[in-house]
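*Asks:* Before we start, here is the structure in question, set down as structure tokens.
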Amino acid sequence: MDYKYFPHTAKDVREMLDTIGVTSLEDLYAEVPAAIRFQGEYDIPSAKSELEIRQLFDRLGRENRRLTCFAGAGVYDHYTPAVIPSIVSRSEYLTSYTPYQAEISQGTLHYIFEYQSMMAELTGMDVSNASMYDGTTATAEAAMMAVAAGKKANRILISDTVDPKIKDMVQTYARFHDMVVEPIAEKRGVTDKQDMQTKLETGGVAGVIVQQPNYFGVVEDYTGFADSCHAGKALLIINSVAADLAILKTPGEWGADIAVGDGQSLGIPMQFGGPYIGYMCCKEKLIRKMPGRIVGMTQDNRGQRAFVLTLQAREQHIRRQKATSNICSNQSLMALFVTIYMALMGKEGLKEAARQSYCKAHYLHEQLLATSRFTEAFAHPFFNEFCVRYDGDVDGLLKRLETAGIFGGIKVGDNLLMIAVTEKRTKEEMDKLVKIAAS
């Protein structure tokens, strides 16, 4: 059949099919079993007016249940200032693709430069790029970066307190990049430093990956970790929730060589899981091992300030096998989103949002323990996310909360519940959760 918005004529399609040796478009999907193919008609209405289309989507939207979110594990329900969507859509910023031509991409290059500057300051590191899909792939890219810097070393140690999604991604990358990934044991909710030290002493370790706060919400003490890594000629990689660094000790202060994580917590809505943005910052000595793009500030031939792409050793520019990364998007729109959020909030605004998240999480934690239905899972400090043990059926509890309009957290063990609290949560919402949980 002909498709209204497809540019290819029937003759074009016929020539392409003949070239690849199939008789029809359906033949391209011959290997897909008939049992899993869609057999019916798409439920798509006929042509409608703009008003009717808006009414249709409003009706579809009302079918979604909006739950009060107390879940985290890497994605957090932070407030998004209303002005951000308006600024993001301005023509000098919004672009369809990569800013290769500096002379016509000054707006895009400018905000990427500002994003890099802000992220470097937030993480306490020397330089930042702007080309990571999300926090998981950024961490995997950091592991590759450590192996590249370590030359003959190809072992990556990753703490068992790191988010399982991140560990899975690092393992996936490792399969195709001659990396060996080994776990560091978890001991009562934190990284077992002695286990790390023992594995470092065997040699061949390129990098060590830890998380702050860790997967269980625990704020770990990484004193001495950088010294141990550097003594073993390994790099220390710290994955952090970006917003938490407004108050927590930065990766740079811990002595990390590479700081990575997800920028979603910097005002990006949860939006069904994406798109988000990963960040990567590092020490200056590692800048040529860093994947993606770096924007620099210079002067044009009239002495005016100008922005240009500087280091960009990617597969578009050099031989693929020599590229530092094959990630092909700089997540520019999300970088703009995060940049506007940080500019609007300012240092004090970021600290206040983090402070409220911290205080509210500790209030909810205390109230849950006071019900006698919950006990503390780990005797360590936490920020805005924590684990508690429930004396009943966690699945049943989550179902009761969902019926009441609350996404009550994430089950991470037989009786272990992980709960996150942000500045958006109110006392009434938290008290409602506690009342249901105590019943």
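*Asks:* Do you know the Lys pair count in region 82-341 for C-alpha distances under 20 Å, with sequence separation 8 or more or different chains?
*Replies:* Lysine pairs, 8 or more places apart or on different chains, close enough: 25.
*Asks:* Cα centroid distance between region 146-211 and region 357-429, in Å?
*Replies:* That distance is 30 Å.
*Asks:* Shifting gears a bit: Any idea what % of Cα-Cα pairs in the chain are farther than 30 Å? Don't skip to the answer; put the middle values down first.
*Replies:* Values: 51243 of 96141 pairs.
Considering the chain, 53 percent of its Cα-Cα pairs are separated by more than 30 Å.
*Asks:* Report the one residue of Ala246, Phe70, Met430 whose Cα lies farthest in the direction of the positive end of the charge dipole of the chain (charges on C-beta: Lys and Arg +1, Asp and Glu -1; origin at the Cα centre).
*Replies:* It is Ala246.
*Asks:* I would also like to ask the following. Please state the charge dipole magnitude for the chain, taken about the Cα centre, from unit charges on C-beta atoms (+1 on K and R, -1 on D and E), reported in debye and rounded to the nearest 20.
*Replies:* I would put it at about 600 debye.
*Asks:* Convert 4 °C to kelvin, take the viscosity as 1.567 mPa s, use the Kirkwood radius over C-alpha pairs of region 362-439 as Rh, and evaluate the Stokes-Einstein diffusion coefficient in µm²/s, rounded to a whole number. Working shown, then result.
*Replies:* Values: Rh = 12.5 Å.
The diffusion coefficient I find is 104 µm²/s.
*Asks:* Per the helix-only calculation at 222 nm, which mean residue ellipticity applies to the chain, given -39500 (n - 2.57) for every DSSP H run of n ≥ 4 and division by its residues, nearest 500 deg cm²/dmol? Walk me through the numbers before you get to the answer.
*Replies:* Working: 12 runs with 156 residues, N = 439.
Result for the chain: -11500 deg cm²/dmol, rounded to the nearest 500.
*Asks:* Under 20 Å Cα to Cα from Lys435, which lysines show up? Leave out anything in the same chain fewer than 8 places away.
*Replies:* Candidates past the 8-residue exclusion: Lys360, Lys399, Lys411, Lys424, Lys427.
*Asks:* OK, next. Obtain the radius of gyration and the Kirkwood radius of region 82-341 from its C-alpha atoms and give Rg over Rh.
*Replies:* 0.98
*Asks:* Mean Kyte-Doolittle hydropathy of -0.5 or higher plus an axial Cα length of 15 Å or more: which whole DSSP H helices in the chain meet both?
*Replies:* Working: long enough: 10-20 (16 Å, -0.31); 50-61 (16 Å, -0.39); 106-123 (25 Å, -0.11); 135-150 (22 Å, 0.89); 164-175 (17 Å, -0.88); 332-370 (45 Å, 0.26); 427-438 (16 Å, -0.35).
Passing helices, by number: 10-20, 50-61, 106-123, 135-150, 332-370, 427-438.
*Asks:* Could you order the peptides 190-199, 44-53 from most to least packed, using the average number of other C-beta atoms within 10 Å per residue?
*Replies:* Details: 190-199: 18.0, 44-53: 8.0.
Packing proxy ranking, top to bottom: 190-199, 44-53.
*Asks:* Under a point-charge model restricted to the Cβ atoms of Lys and Arg (+1) and Asp and Glu (-1), what is the dipole moment magnitude of region 205-275 relative to its Cα centre, in debye to the nearest 20?
*Replies:* 120 debye
*Asks:* Okay, next question. For every other residue with a beta carbon closer than 13 angstrom to the beta carbon of Ala153, add +1 if it is Lys or Arg and -1 if Asp or Glu, then tell me the sum.
*Replies:* For residues surrounding Ala153, the net value is +3.
*Asks:* Would you please give the residues with an amide H less than 5 Å from that of Ser240, counting only those at least 5 places away or on a separate chain, with H modeled from the backbone geometry?
*Replies:* For Ser240, whose amide H was placed from the backbone, the distant partners under 5 Å are Gln212, Val260, Gly261, Asp262.
None of the figures in this text is laboratory data; all of them are computed from the coordinates on show. All values reported here derive from a predicted model rather than from experimental measurement. All Cβ positions, glycine included, derive from the backbone under ideal geometry; neighbour counts span all protein chains shown.
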